[in-house]
Amino acid sequence: MGEVRIEEALGVLTVTLADIESRNALGAPVVNGLYDAITRADADPKVRAVVVTNEGTTFCAGANLKQQSGAEQGGAPKIGLDALLVMIQSSTTPIVGKIRGHVVGGGNGLAAALDIAIAQDDVKFGFTEVRLGVAPAIISVVCLPKMRRGEAMEAFLRGNRFSAAKAAEYGLISRAVPAAELDAAVDEVVADLCKGGPEALGHAKRLVYDVPALPQQEAFSHTAELSARLFRSDEAAAGMRAFLKREKAPWADDA
């Protein structure tokens, strides 16, 4: 589809949001494109990472207000925004954001849901919902665990724009870099991801989401069982064998 381009090269699936007319709003084209890309990545063991980026001056403008108001007719999204955010965080494939445009409203939820997100430092972020008479409700589920309460309160209530550096300070993204350094910064992250065991990466990702929500003793029980299971896995056997031989792990041959 023209609004979202999906390209694969060297084990990396690049998803380019290109619905420039709608500023990559979270309408059916963008939601369905992201759904299709993540589904494809999780089904293909050759895909080691997904990179989500954009064309135009906006990475994601949040809700598609024309669709929300009924002023625009179009196909229905395959899943809702809540399910999309869960899908991103539940995916066994690492998903990296290369943010080269502004992030507004619900777009903050998309950025926050990504596993690692790097933005160029000249873009702006903003929870602008209150200025439209609504609130950042659904996206708060993925944004609030990353933000301190006082910072979230100010950002949610003021509805103002703030810098990518401030978004990184808030924890919404990993970091901000000069525009000229964005490609290299994301490439470095992806190269590191491709050196990790595919199954191990999926489990490591789940730990970040699951462990903080567990009582301490339950967390220890869960992680002890997981650790024992992983050490018995074929992937771990191959990785440790390669390490002892001072060779690359089989999944890192091209990394």
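Every number in this text was worked out from the coordinates using simple rules, so none of it is lab data. Please read these numbers as outputs of a predicted model, since none were measured by experiment. In this analysis, Cβ positions are derived from the backbone assuming ideal geometry, glycine residues included, and neighbour counts consider all displayed protein chains.
Computed over the chain with a Gaussian network model linking Cα atoms closer than 10 Å, the most mobile of PRO145, PRO198, PRO29 is PRO145. Result for the chain in a Gaussian network model with C-alpha springs under 10 Å: among PHE125, PHE156, PHE243, the largest mean-square fluctuation is at PHE243. The Cβ shell under 12 Å around THR92 holds other residues with a net charge of -1, Lys and Arg each +1, Asp and Glu each -1.
The ranking of ASP121, ASP19 from fewest to most other beta carbons within 10 Å of each one's beta carbon is ASP121, ASP19. Kirkwood analysis of the Cα pair distances in the stretch 198-252 returns a hydrodynamic radius of 12.4 Å. In summary, the lysines within cross-link reach of LYS195, defined as a Cα separation below 29 angstrom excluding same-chain residues under 8 places away, comprise LYS46, LYS98, LYS146, LYS205, LYS245, LYS248. Computed over the chain with a Gaussian network model linking Cα atoms closer than 10 Å, the most mobile of ASP234, ASP183, ASP36 is ASP234.
Neighbour counting of Cβ atoms within 10 Å sorts the residues THR53, THR39, THR93, fewest neighbours leading, into THR39, THR53, THR93.
Put +1 on the Cβ of each Lys and Arg and -1 on the Cβ of each Asp and Glu in the stretch 198-252; which of ALA200, PHE220, MET240 then has its Cα farthest toward the positive end of the dipole? The Cα lying farthest towards the positive end belongs to MET240.
Where both bridge residues fall in the stretch 1-129, DSSP classifies roughly 25% of the beta bridges as antiparallel.
Against the longest alpha carbon principal axis of the chain, how many degrees, from 0 to 90 and to the nearest 10, is the axis of helix 149-158 turned? Helix 149-158 and the main axis of the chain meet at about 30 degrees. Can you tell me the orientation of helix 234-244 relative to the chain, as the angle in degrees between its alpha-carbon axis and the longest Cα principal axis, to the nearest 10? Here the helix axis deviates by roughly 70 degrees.
Evaluating 6.51 cos²θ - 1.76 cosθ + 1.60 at θ = phi - 60° for every residue in the stretch 75-81, the Karplus couplings come out as x, 7, x, 5, 9, x, 4 Hz, glycine and proline recorded as x. Bridges between two residues of the chain, per DSSP, are antiparallel at a rate of about 30%. Each Lys or Arg adds one and each Asp or Glu subtracts one; over the other residues with Cβ under 13 Å from the Cβ of VAL104, this totals +3.
Here the residues GLU247, GLU151, ranked from fewest to most Cβ neighbours within 10 Å of their Cβ, fall in the order GLU247, GLU151. A helix-only calculation puts the chain at -13000 deg cm²/dmol for mean residue ellipticity at 222 nm, using -39500 (n - 2.57) for each DSSP H run of at least four residues, averaged over all residues. Between 0 and 90 degrees, the angle of helix 198-210 with respect to the longest Cα principal axis of the chain falls at about 50 degrees.
Taking the Cβ of LEU226 as the center, what net charge do the other residues with Cβ under 13 Å away carry, scoring Lys and Arg +1 and Asp and Glu -1? Result for the local shell: 0. Residues whose amide H falls under 5 Å from that of ASP19, counting only those 5 or more places apart or on a different chain, are ASN24, with hydrogens built in the peptide plane.
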